[in-house]
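Visitor: What follows is a single structure, and I will ask about it in a moment.
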Amino acid sequence: MLTSAGIMSLLFLFFLSWATIANLGDRVYNDYLKGDLCQMLPSPSPHPKGYSSHSAPPSKQNTSFPNHVPIPILPPIRNYTDAELSTFVLAKDILSRAKDPVGNAKVAFMFLTGGPLPFEKIWEEFFKQGHEGKYLIYVHSSREQPARNTSMFQGRDIRPQKVFWGRIEMVDAERRLLANALLDLDNQYFALLSDSCIPLYPFDYVYEYLLGGNMSYVDCFEDPGPHGQGRYMDQMMPEVRRSDWRKGAQWFAVTRYHALMIVADHLYYSKFKLNCKPGPENRNCYPDEHYISTFLHIMNPANLANWTVTYVDWSERRWHPKTYTKNDITFERLQLIQNIKEHVHETSDSLGIRTVKPCLWGGQQRPCFLFARKFLPDTAGDLLQLLSNVTWPLSRHQQERSSATFRF
């Protein structure tokens, strides 16, 4: 005969099992943890023990079918609106759907630019080393569509619309790029880049880095200061609560699952379109710094790596990051960026709390950044010489030497 304690134990186990498979929105799980899940959960590691931060991820693993990492969800703490429920049902279906076999997994490189691409020659050198069938290029030119200088960029412009800095049109352009790239079923990863971006590593390293796990590289952190939660407005309720509000860099790299969710979203996008706008009357809210970070934090924080793989230098502490000139183009500077293995977040309140966390996979640190910006157009020639003749060959040699010590 069961004692009262035994009955309570069975009820607890039943509740725990149900909570693990329920999926009504991770905000409930966040309430339970009382913390920032996107900073608390460790990144699942697809790499073997002993993986070197200077080596490429194992090339023999199946990069087309990374394992999905489900998250447990506790029962709702309030009744959701019809629109919320529809959004969570759609997210659940996308995240739980088995991946269809693909001929060859591709990475979609999506360039958001005003017009010209000053580093076309660099990207051509990056792509051309026998990597056909592993990538596709998409370009959104908001002001003009000039003739492209390289064959691989010709005909890669999608239908654009004008983009205004700090407004919802920036998010519209990102979603437009994702939608066009999602049309190709082989595209399994989606990297957003600017016209001032350069690749820091050879193509093979970037490809394996992105496809080697089931993580989206989206900057996502909680900032209680004026440039974080200070931009939140109560009109976001009930769908977006102040405790859900997140901030992050615009430049992301996301899985196909998350790309589908971003394009399919109407509920949260509409909230940001109506209530997150620049100007003091709107608390200087910039959608490209908050929408994707907040939306994915609500939907699926366990699959966010919580750092962006695109490096920018904010050391000048201005509204815009440092711009690199010809005098800044040295091997030492590029190597310094390559060697960064920690991501940094600093709150914008008077306390200015600075959080430094390692870029961890399986308990081991690895380089945080695959790309870097903002470089002026006149640095293109010097960068091409340095990257193609020194930086990439050295990186490739280090990868081969490190990989030789492991058995995959």
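The values are calculated or read from the model by the stated rules, or taken from the named source; none is laboratory data. Remember, it's a predicted structure, so these values are computed and weren't measured experimentally. FYI the Cβ positions are ideal-geometry reconstructions off the backbone, even for glycines, and counts take in every protein chain you see. Heads up: the accessible areas ignore ligands, DNA and RNA and are worked out on the full protein's heavy atoms, side chains in. Shrake-Rupley method; radii C 1.70, N 1.55, O 1.52, S 1.80 Å.
Visitor: How about the stretch 259-316: which GluC sites (Glu not before Pro) there lie in a loop by DSSP and see at most 15 other Cβ atoms within 10 Å?
Guide: E316
Visitor: Follow-up question, since we're still on this one. Please say if the stretch 107-259 is rounded, prolate or oblate, where rounded means a/c under 1.5 for a ≥ b ≥ c the square roots of the C-alpha gyration tensor eigenvalues, and otherwise the choice is prolate for a/b larger than b/c and oblate otherwise? If you can, show how the numbers build up before the last one.
Guide: Values: a/c = 2.14, a/b = 1.57, b/c = 1.36.
Prolate shape, in that a/c is at least 1.5 and a/b is the bigger ratio.
Visitor: Please check which bits of the stretch 196-227 a label hung off Q385 would reach, taking the label as a point 7 Å along Cα-to-C-beta and the cut-off as backbone N under 16 Å.
Guide: Once the point is set 7 Å along Cα→Cβ of Q385, nothing inside the stretch 196-227 turns out to lie under 16 Å by backbone N.
Visitor: Right, here's the next one. Can you send over the solvent-accessible area of D349, 1.4 Å probe, protein chains only, in Å² to the nearest 10?
Guide: About 40 Å², rounded to the nearest 10.
Visitor: State the percentage of accessible surface on the stretch 147-201 attributable to carbon and sulfur atoms; use a 1.4 Å probe and exclude ligands, DNA and RNA. Write down the numbers at each step before the final one.
Guide: Values: 1100 of 2220 Å².
Carbon and sulfur atoms account for 50 percent of the accessible area of the stretch 147-201.
Visitor: Stretched out fully, how many nm does the piece from H131 to S86 gain, at 0.36 nm a residue minus the Cα gap? All intermediate terms of the calculation are to be shown ahead of the outcome.
Guide: Numbers: separation 45, 0.36 × 45 = 16.20 nm, distance 4.01 nm.
12.2 nm is the gain from fully extending H131 to S86.
Visitor: For the stretch 306-358, what class follows from the C-alpha gyration tensor (a ≥ b ≥ c being the square roots of its eigenvalues): rounded when a/c is under 1.5, otherwise prolate if a/b is larger than b/c, else oblate? Spell out each step's value before the answer.
Guide: On the way: a/c = 2.68, a/b = 1.45, b/c = 1.84.
Taking the square roots of the gyration eigenvalues as a ≥ b ≥ c, the stretch 306-358 is oblate.
Visitor: Using a probe radius of 1.4 Å on heavy atoms only, what accessible surface per residue do you get for the stretch 157-306? Whole Å² is fine.
Guide: Numbers: 4460 Å² over 150 residues.
For the stretch 157-306, the solvent-accessible area averages 30 Å² per residue.
Visitor: What do you get for trypsin sites (Lys or Arg not before Pro) in the stretch 307-369 restricted to DSSP loop and a cutoff of at most 16 other Cβ within 10 Å of the site's Cβ? Before the final figure, lay out the partial values.
Guide: Working: sites: R317, R318, K322, K326, R333, K341, R354; in loops: R317, R318, K322, K341.
Those satisfying the criteria are R317, R318, K322, K341.
Visitor: Okay, next question. Suppose we keep just the alpha-carbon trace of the stretch 331-378; what are its Rg and Dmax in angstrom?
Guide: Taking only Cα atoms of the stretch 331-378, I get Rg and Dmax of 13.9, 40 Å.
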